Amino acid sequence: MKIEEYMKLREKLDEIVMKYADINIKRFYNLDNRVYSDGAIPAKYKEMMGLVASIVLRCEGCIKYHIKRCYDEGVSNDEFVEAMAIALVIGGSIIIPHLREAFEIWDELKKI
């Protein structure tokens, strides 16, 4: 699935979640959004941290989301590669399939 298709699907699914969400779900979503905003650490670096964690945890949806956010926040190719190297060192060889997909998505975004 192309990254733009995934982002549209994610938005649609979040709308459905919010249709049913109670205060606890809404608070968690709010916290998730706020924690990645600029603070003592710029949003760009927080998104790279989120991406590394998502790759190590092998969460495909999270990986796609954080790659798109890294792109939107202006992460350079060199920064992206270094973040992927950190994920590989932490996660080990089991994350290589996710690393491949991450680079494919990054390449797709860079062609837009």
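Can you check what the net charge comes to around ASP38, using other residues whose Cβ is under 10 Å from the Cβ of ASP38 (Lys, Arg +1; Asp, Glu -1)?
On the way: positive: LYS44, LYS46; negative: GLU73.
Net local charge, ASP38 excluded: +1.
Sum -39500 (n - 2.57) across every DSSP H segment of at least 4 residues in the chain, then divide by the residue count to get the 222 nm mean residue ellipticity, nearest 500. Numbers along the way, then the final one.
Numbers: 6 runs with 89 residues, N = 112.
For the chain, the value works out to -26000 deg cm²/dmol.
Isolated Cys in the chain by the 4.7 Å beta carbon test?
Isolated Cys, the chain: CYS70.
Taking θ as phi - 60°, what are the ³J(HN,Hα) couplings along the range 84-99 by the Karplus curve (6.51, -1.76, 1.60), each to the nearest whole Hz, with x for Gly and Pro?
Here the 3J(HN,Hα) series is 5, 5, 4, 4, 5, 5, 6, x, x, 5, 5, 8, 4, x, 6, 4 Hz.
Over 20 Å between Cα atoms, which of LYS68/LYS111; LYS19/LYS68; LYS2/LYS110; LYS2/LYS68; LYS26/LYS68 qualify? List each step's numbers first, then the result.
Details: LYS68/LYS111 13 Å; LYS19/LYS68 25 Å; LYS2/LYS110 13 Å; LYS2/LYS68 11 Å; LYS26/LYS68 23 Å.
Checking Cα-Cα distances, LYS19/LYS68; LYS26/LYS68 exceed 20 Å.
HN-Hα J couplings of the range 42-57 from phi, Karplus 6.51/-1.76/1.60, θ = phi - 60°, integer Hz, Gly and Pro as x?
x, 3, 4, 6, 5, 5, 5, 5, x, 5, 4, 4, 5, 5, 4, 7
Between TYR29 and LYS8, what length in nm is gained on full extension when 0.36 nm per residue of separation is reduced by their alpha carbon distance? Before the final figure, lay out each step's value.
On the way: separation 21, 0.36 × 21 = 7.56 nm, distance 1.74 nm.
Taking 0.36 nm per residue and subtracting the Cα distance, the gain is 5.8 nm.
None of the figures in this text is laboratory data; all of them are computed from the coordinates on show. All values reported here derive from a predicted model rather than from experimental measurement. All Cβ positions, even for glycine, are placed from backbone atoms using ideal geometry, and neighbour counts span all protein chains on display.
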